[in-house]
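The values are calculated or read from the model by the stated rules, or taken from the named source; none is laboratory data. Remember, predicted model here, so these are calculated numbers, not experimental data. Note that each Cβ is placed from the backbone with ideal geometry, even for glycine, and that neighbours are counted across all protein chains shown.
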Ligand code: PEP
Ligand code: MG
């Protein structure tokens with residue numbers, strides 16, 4: 001039976017499965033031997049925590065020495081600090097004071113912090129697994145159990161685990177580990193982040209993978225997110241073919257995005273924080289097509305100051321001298337709520353005060369952000385373009401564009417995420433400098449299907465001809481006015497869709513850095529005429545499979 005998960009990257013691998021050593025059993029909750037004093041138990045725990053901290057720190061330093069493990073260094077360093085967190089130590093000591101054994105008190109201390117992280121959700125919840133890993137290491141030292149970790153093998157294998165700790169991922173011997181498959185973890189878990197940066201074939205969130213017996217041959221396909229136990233000869237051949245294609249695609253890095261006949265289609269990267277700029281450049285991005293600025297706001301109680309924002313924008317822009325960098329203003333609301341900005345009483349927040357609507361209600365935030373962008377622009381050599389999210393029509397586009405220009409920003413544009421902006425595209429193109437199409441939202445609003453709802457996820461496809469026609473209306477209006485029209489939603493990362501978008505007439509594509517190779521390679525296989533032919537068919541709905549509910 002094929003096991004489905006979330007693939008990281010596009011590679012494939014075929015090798016036998018080896019499971020990660022199982023987690024340590026939960027220490028029994030029984031009273032401590034009275035011969036063991038509170039003080040000596042606390043000291044024993046402190047010594048074990050210190051040892052784990054030093055070990056993680058050493059690994060961090062070792063990881064920093066090598067190019068392909070460099071990214072693990074700060075993660076390991078942060079983990080090492082978890083092992084000496086004073087609040088955690090106090091919690092564990094309290095357990096010892098109440099008569100618990102050292103291993104049980106440690107277990108409970110780590111578990112309670114883990115639960116707190118889980119309760120916070122999102123990124124913080126994904127750090128809970130990291131904390132559990134540190135706790136397991138400390139408990140192993142206290143009980144004399146073997147340290148949890150990677151299995152030993154002389155031959156290549158596919159590593160299967162519940163989840164992998166950053167320490168484990170950083171330590172993987174890539175001559176042996178052909179792929180990693182985890183039952184837990186999401187696309188932004190550390191396993192995924194490190195797998196992506198080290199180029200490891202990975203499938204995460206593959207529930208059921210734990211049931212594959214050790215030694216079973218599996219084909220792991222990151223492009224489809226599939227893990228196939230006992231693959232057929234054809235499936236094995238397919239995996240090898242795919243790897244050849246991935247390797248070939250990587251050879252085009254450094255070349256500009258272009259169709260077979262030389263028609264240029266710049267390929268840019270979507271970036272979530274300034275540090276991601278390096279990854280974008282590594283994969284040959286010609287600039288940044290979408291810098292989501294929410295990261296600056298999400299973790300704070302109030303909006304960051306102009307200075308803090310300017311420093312962050314400058315950090316990104318400085319990495320792209322002479323290159324285009326599109327920075328989007330804060331998109332608060334709907335799937336990205338902000339405590340100090342988003343109304344709490346909206347029954348349908350995706351249809352509420354989000355994006356530019358929220359910024360106009362909180363004009364000080366809008367003005368501070370534009371001021372910070374203008375300062376960062378003045379201090380750097382990148383070609384800065386600035387855009388607003390959730391813009392509904394030409395008057396809103398004009399409002400934002402004029403405001404941006406008044407801050408001295410040269411290229412000011414809008415995102416096309418609401419169908420009304422496509423319907424009014426001819427007017428919009430006359431009042432703004434560029435449009436970037438956010439296909440994630442444009443799809444949800446065109447098809448009235450909440451992008452966060454699994455029950456309507458079948459509508460979340462840009463292959464629906466209604467979405468493609470909306471894109472075409474914008475591209476046509478752009479062409480008529482000489483206005484650039486990019487696409488920066490997930491759709492741009494689908495190589496086949498990228499060809500269709502080229503045929504529809506968009507002028508740039510922006511996607512996660514790891515998707516650039518495959519899109520660049522696919523575009524190079526088709527002429528503009530061929531792309532236009534594919535676009536015509538897709539606009540007719542040829543590629544769209546209507547949803548058939550199960551009887
Ligand atoms: C989009 O809607 O396609 C987009 C790029 O913005 P976000 O995913 O941040 O809403
Ligand atoms: Mg959006």
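Picking from residues in the stretch 369-394 that are over 27 Å from the mean Cα position of the chain (by Cα) and outside any loop (DSSP other than H, G, I, E, B), the one that is nearest to residue 448 (Cα to Cα) is 394. Does residue 504 qualify as being free of Cβ contacts under 8 Å to residues at least 60 places away in the same chain and crowded, with 16+ Cβ neighbours inside 10 Å? Here the answer is yes, as residue 504 does meet what is asked.
Here residue 138 meets each of (1) part of a helix (DSSP H, G or I); (2) at pLDDT below 85; (3) in contact with a helix residue (DSSP H, G or I) (Cβ under 6 Å, 6 or more places away or on another chain) with one exception, condition (2). Restricting attention to the stretch 361-395, and to residues there that are within 16 Å of ligand 2 (Cβ to nearest atom) and out of contact with any helix residue (DSSP H, G or I) (no Cβ under 6 Å at 6 or more places or on another chain), which single residue is nearest to residue 314 (Cα to Cα)? Looking at the filtered set, the residue picked out is 387. Taken together, the residues in the stretch 314-347 that are at pLDDT 95 or above and more than 16 Å from ligand 2 (Cβ to nearest atom) amount to 12. No other residue among 206, 223, 170 is closer than 22 Å to residue 522 by Cβ and modelled with pLDDT under 95 apart from 223.
Here residue 31 does not qualify as free of Cβ contacts under 8 Å to residues at least 40 places away in the same chain and outside the structural domain of residue 94 (by TED's automatic domain parsing). Total residues in the stretch 217-239 satisfying the condition of being under 12 Å from residue 14 (Cβ atoms), in contact (Cβ under 8 Å) with a residue 24 or more places away in the chain and either touching a helix residue (DSSP H, G or I) at 6+ places or on another chain (Cβ under 7 Å) or exposed (fewer than 13 other Cβ atoms within 10 Å of the Cβ) (or both): the figure is 4. Which residues, counting only those in the stretch 438-461, are within 19 Å of the chain's Cα centre (by Cα), farther than 20 Å from residue 388 by Cβ and within 15 Å of ligand 2 (Cβ to nearest atom)? Residues satisfying the conditions are 452, 460.
A quick yes/no check of all residues on (1) in contact with a strand residue (DSSP E or B) (Cβ under 9 Å, 6 or more places away or on another chain); (2) over 27 Å from residue 174 (Cα atoms); (3) in a loop (DSSP other than H, G, I, E, B); (4) at pLDDT below 90:
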residue	(1), (2), (3), (4)
25	no, yes, yes, yes
44	no, yes, no, no
47	no, yes, no, no
51	no, no, no, no
55	no, no, no, yes
77	no, no, no, yes
90	no, yes, no, no
96	no, yes, no, no
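Entry remark, the stretch 430-443: residues being more than 7 Å from ligand 1 (Cβ to nearest atom) and either at positive phi or crowded, with 24+ Cβ neighbours inside 10 Å (or both) number 5 in total.
Which of the residues spanning the stretch 86-101 are without any contact (Cβ under 8 Å) to a residue 24 or more places away in the chain and surrounded by 16 or more Cβ atoms within 10 Å (Cβ to Cβ)? Hits for the stretch 86-101 are 91, 95.
Considering 346, 307, the condition of being assigned to a helix (DSSP H, G or I), out of contact with any helix residue (DSSP H, G or I) (no Cβ under 6 Å at 6 or more places or on another chain) and away from ligand 1 (no atom under 14 Å from the Cβ) is satisfied by 307 alone.
Sub-7 Å Cβ pairs linking a first residue in the stretch 290-301 that is closer than 28 Å to residue 267 by Cα and assigned by TED's automatic domain parsing to the domain that holds residue 388 to a second residue that is near ligand 1 (Cβ under 10 Å from one of its atoms) and at pLDDT below 90, at least 6 apart or interchain, are 292/272; 294/336; 295/272, ordered by first then second residue.
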